[in-house]
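Enquirer: My questions will all concern the structure given below.
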Amino acid sequence: MEKNEYRRKDVMSRIQYRRLLASEIFYDGEEREHLPLLEKMTAEGLLYKEPAIREEKGILQCARCGSGKPFLGEVSNCSRCGKKCLYCRACLMMGRAASCGFLYSSAVSPVQHPGLETGNLGWDGKLSAGQRQAAEKLVQCFRSGKSWEFLLWAVCGAGKTEMLFPLISEALKKGNAVMLCTPRRDVVQELEPRLKEAFPKAETAGFYGGKSPESRFCYADVAVATTHQLLRFYKAYTLIIIDEVDAFPYTMDKKLQFAAGQAAADKCMTVYVTATPSRMQQRRAASGSLESAVVSRRFHGKDLPVPRLVWAGNWKKQIENARLPKALRLFLKEAGERQVLLFVPEVSWLNPVQEALNKWQGNLRTATVHSQEEERSERVKMFREGSLDVLITTTILERGITIENVQAAVLGAENAVFTETALIQIAGRAGRSSRYPTGMVSFFHYGSTREMKRAVRTIIQLNRWNS
Ligand SMILES: [Zn+2]
Ligand SMILES: [Zn+2]
């Protein structure tokens, strides 16, 4: 009896703020044994349960992630029900949502809430005038208590996390848990400790794949989660902050929209934070149908470096002959002692470019990185510590990386992977610190593109605002 009481409490604490499969609630593998308990708790009105695969107007859909037909697989002999069964492939990594299974959520309000003091700020830095304006507008919107969508357009290096502190503090003080969502796991890992430091009285936790089950279902006043992990949260948040929305490919974006919709409480403010809003978002913000704030100044107050478009000729042919285009050699000479991030369009160009660099100057310390590279974080760390001169990379490093006094160059900027968004992010790598607020950014090309010109135009426009 006592044991059962304990189990009930366990279920309620794991499920608060969330919607889970039985196999997620009982992650220790005793799911079948505990199903009667879940049934009982549902009958008692403690839990809601709903089919994991639902049918609406004849259309089948995964209730957890919203994926439809192409993602629904079929097994003829399901390990659980023994019959023909459908399951969702799109969210399989989080447990099998199958047509014979259910999703459980809490029918009572959460047991844990942020305490009165959780909103106390342990951060004593100062916001710039631009940051403060945006921060105040965010807080006002939240206070108004309506269902808001908010676009925070903050240039690379504007200090967007700090700008969010007053808003997060406000939500916590009102007894609301806060969710921050970002597409990338390394960003979750970077943000979590910063939030912990900023809100020392609050429970903070990062949620991403590969964590232990106990920590996967722990309670957090301030949660930071990847898109997939966000799918587990349900009707929980009055404030959801989505970081770098533009970083999602379109399909991911749809999934995120769905997940954010599920995680939102009936009244919820959703804040989209981005350095490069989509044209649609920009239009909506301009027309006033989307509340917004623009922070076009970096926190150190200096202009964003404006990229130079530089003709490099047939660079592919030159690189194939282990020669660096002349324009790039001049750039590297000008950079001198300063470190350079060199972007190339495809993984296949990493090694040839490295060879050409080393042939040109044998003492240059170089390395390459791409998304599948096992030594990626090790090499980035070496670059960060200054033991490399040039880091050659695919667009994987375009955002998130902050290195003092780094110069940025793109070779083959005419390639389709270098969209306006990607190019603006790349340019944003340079001149981020107040010690070195300027920097060189060059796009080397074999024929300039509309995206390159747009990136330059947008940066010039941002520099003009507020000046
Ligand atoms: Zn699914
Ligand atoms: Zn089944």
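Enquirer: Residues of the range 106-118 being in a loop (DSSP other than H, G, I, E, B) and of a type in the set (Val, Ile, Thr), which ones? Show your work before the answer.
Expert: Step one: list which residues in the range 106-118 are in a loop (DSSP other than H, G, I, E, B), which gives 107-115.
Result: VAL108, VAL111.
Enquirer: Determine whether LEU180 is in the same structural domain as VAL271 (by the TED database), away from ligand 1 (no atom under 16 Å from the Cβ), at pLDDT 95 or above and crowded, with 18+ Cβ neighbours inside 10 Å.
Expert: yes
Enquirer: Now, a different point. Out of the range 282-311, which residues are closer than 30 Å to PRO352 by Cα and out of contact with any Gly (no Cβ under 8 Å at 6 or more places or on another chain)? Reasoning before the result, please.
Expert: Within the range 282-311, the first condition is being closer than 30 Å to PRO352 by Cα, and the residues that meet it are 305-311.
Selection gives VAL306, PRO307, ARG308, LEU309, VAL310, TRP311.
Enquirer: State yes or no: is ARG308 surrounded by fewer than 16 Cβ atoms within 10 Å (Cβ to Cβ) and touching a Ser or Thr at 6+ places or on another chain (Cβ under 6 Å)? First the steps, then the outcome.
Expert: Numbers: surrounded by fewer than 16 Cβ atoms within 10 Å (Cβ to Cβ): yes; touching a Ser or Thr at 6+ places or on another chain (Cβ under 6 Å): yes.
So ARG308 passes the test.
Enquirer: For the range 133-156, enumerate the residues that are over 19 Å from GLN282 (Cβ atoms) and either assigned to a strand (DSSP E or B) or among the basic types (Lys, Arg) (or both).
Expert: Matches in the range 133-156: ARG143, LYS146.
Enquirer: To continue, here is another question. Restricting attention to the range 63-106, which residues are more than 26 Å from LYS9 (Cα to Cα), more than 14 Å from ligand 2 (Cβ to nearest atom) and among the basic types (Lys, Arg)?
Expert: Passing the criteria: LYS69, ARG89.
Enquirer: Same structure, new question: So if I check each of GLU44, GLU33, which one is modelled with pLDDT under 90, farther than 26 Å from GLN257 by Cβ and exposed (fewer than 12 other Cβ atoms within 10 Å of the Cβ)? Please lay out each step first, then the result.
Expert: On the way: GLU44 fails: modelled with pLDDT under 90.
The conditions single out GLU33.
The values are calculated or read from the model by the stated rules, or taken from the named source; none is laboratory data. Quick caveat: nothing in here was measured; it's all calculated off a predicted structure. Glycine also receives a Cβ, built like all others from the backbone with ideal geometry; neighbour counts cover every protein chain displayed.
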